[in-house]
1. Being in a helix (DSSP H, G or I) and either under 14 Å from the mean Cα position of the chain (by Cα) or surrounded by fewer than 16 Cβ atoms within 10 Å (Cβ to Cβ) (or both) is the requirement here; does residue 23 meet it?
2. Of the conditions (1) closer than 17 Å to residue 84 by Cα; (2) free of Cβ contacts under 8 Å to residues at least 40 places away in the same chain, residue 26 satisfies every one except a single condition; which number is it?
3. Being over 15 Å from the mean Cα position of the chain (by Cα) and assigned to a loop (DSSP other than H, G, I, E, B) is the filter; apply it to segment 42-56 and report the residue that is modelled with the lowest pLDDT.
4. Looking for something in contact with a helix residue (DSSP H, G or I) (Cβ under 9 Å, 6 or more places away or on another chain), surrounded by fewer than 23 Cβ atoms within 10 Å (Cβ to Cβ), without any contact (Cβ under 8 Å) to a residue 24 or more places away in the chain and more than 28 Å from residue 3 (Cα to Cα) - is there at least one such residue anywhere in segment 31-40?
5. On the given criteria, is residue 77 outside any helix (DSSP H, G or I), in contact with a helix residue (DSSP H, G or I) (Cβ under 9 Å, 6 or more places away or on another chain), farther than 18 Å from residue 106 by Cα and without any contact (Cβ under 8 Å) to a residue 60 or more places away in the chain?
6. Give segment 91-106 a look and list any residue that's in contact (Cβ under 8 Å) with a residue 40 or more places away in the chain, outside any loop (DSSP other than H, G, I, E, B) and surrounded by fewer than 20 Cβ atoms within 10 Å (Cβ to Cβ), or say none.
7. Here is a check on your reading of the model: is residue 71 farther than 24 Å from residue 13 by Cα, in contact (Cβ under 8 Å) with a residue 12 or more places away in the chain and in a helix (DSSP H, G or I)?
């Protein structure tokens, strides 16, 4: 596998996985989806495997909504770090030695809101700001 810089500068498209949350809802997973890492990891793992089998070269962890505030509101029985570590473990294990990339997925707003309910978010919850996220790496 090439390093990420070489991979991203390559020719042609990069095939990624699809919507984890929608698939979890369709298959009986738990919403918000990060809780599925703890309560039904086999569903999360199967979804990752199917995306890889379909040709995904890049998969994202099932951790989109699990920042400290959102997790405290929706997953009070778990520490958000534990949920995120489990999401990374599941995604990493699913690679099964296949040379591919995987990354983490995080919620745009640290205030725990989705979409237009956050005045700093644009359509679909995409942040309109370029905040400093360096403090979130741990």
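1. Working: in a helix (DSSP H, G or I): yes; either under 14 Å from the mean Cα position of the chain (by Cα) or surrounded by fewer than 16 Cβ atoms within 10 Å (Cβ to Cβ) (or both): yes.
Yes.
2. All conditions pass for residue 26, except number (1).
3. Ranking the qualifying residues of segment 42-56, first place goes to 55.
4. Taking segment 31-40 as the starting set, the residues that turn out to be in contact with a helix residue (DSSP H, G or I) (Cβ under 9 Å, 6 or more places away or on another chain) are 31-38, 40.
Filter once more, keeping what is surrounded by fewer than 23 Cβ atoms within 10 Å (Cβ to Cβ): 31-32, 35, 38, 40.
From the residues that got through so far, the ones that are without any contact (Cβ under 8 Å) to a residue 24 or more places away in the chain too are 31, 40.
Now drop any that are not more than 28 Å from residue 3 (Cα to Cα), which leaves 31, 40.
Checked segment 31-40: at least one residue is in contact with a helix residue (DSSP H, G or I) (Cβ under 9 Å, 6 or more places away or on another chain), surrounded by fewer than 23 Cβ atoms within 10 Å (Cβ to Cβ), without any contact (Cβ under 8 Å) to a residue 24 or more places away in the chain and more than 28 Å from residue 3 (Cα to Cα).
5. Numbers: outside any helix (DSSP H, G or I): yes; in contact with a helix residue (DSSP H, G or I) (Cβ under 9 Å, 6 or more places away or on another chain): yes; farther than 18 Å from residue 106 by Cα: yes; without any contact (Cβ under 8 Å) to a residue 60 or more places away in the chain: yes.
Yes, satisfied.
6. 93, 101, 102, 103
7. Numbers: farther than 24 Å from residue 13 by Cα: yes; in contact (Cβ under 8 Å) with a residue 12 or more places away in the chain: yes; in a helix (DSSP H, G or I): yes.
Against the criterion (farther than 24 Å from residue 13 by Cα, in contact (Cβ under 8 Å) with a residue 12 or more places away in the chain and in a helix (DSSP H, G or I)), residue 71 qualifies.
The values are calculated or read from the model by the stated rules, or taken from the named source; none is laboratory data. Since this is a predicted model, take the numbers as computed values, not measurements. Backbone-built Cβ (ideal geometry, glycine too); neighbour counts: all protein chains shown.
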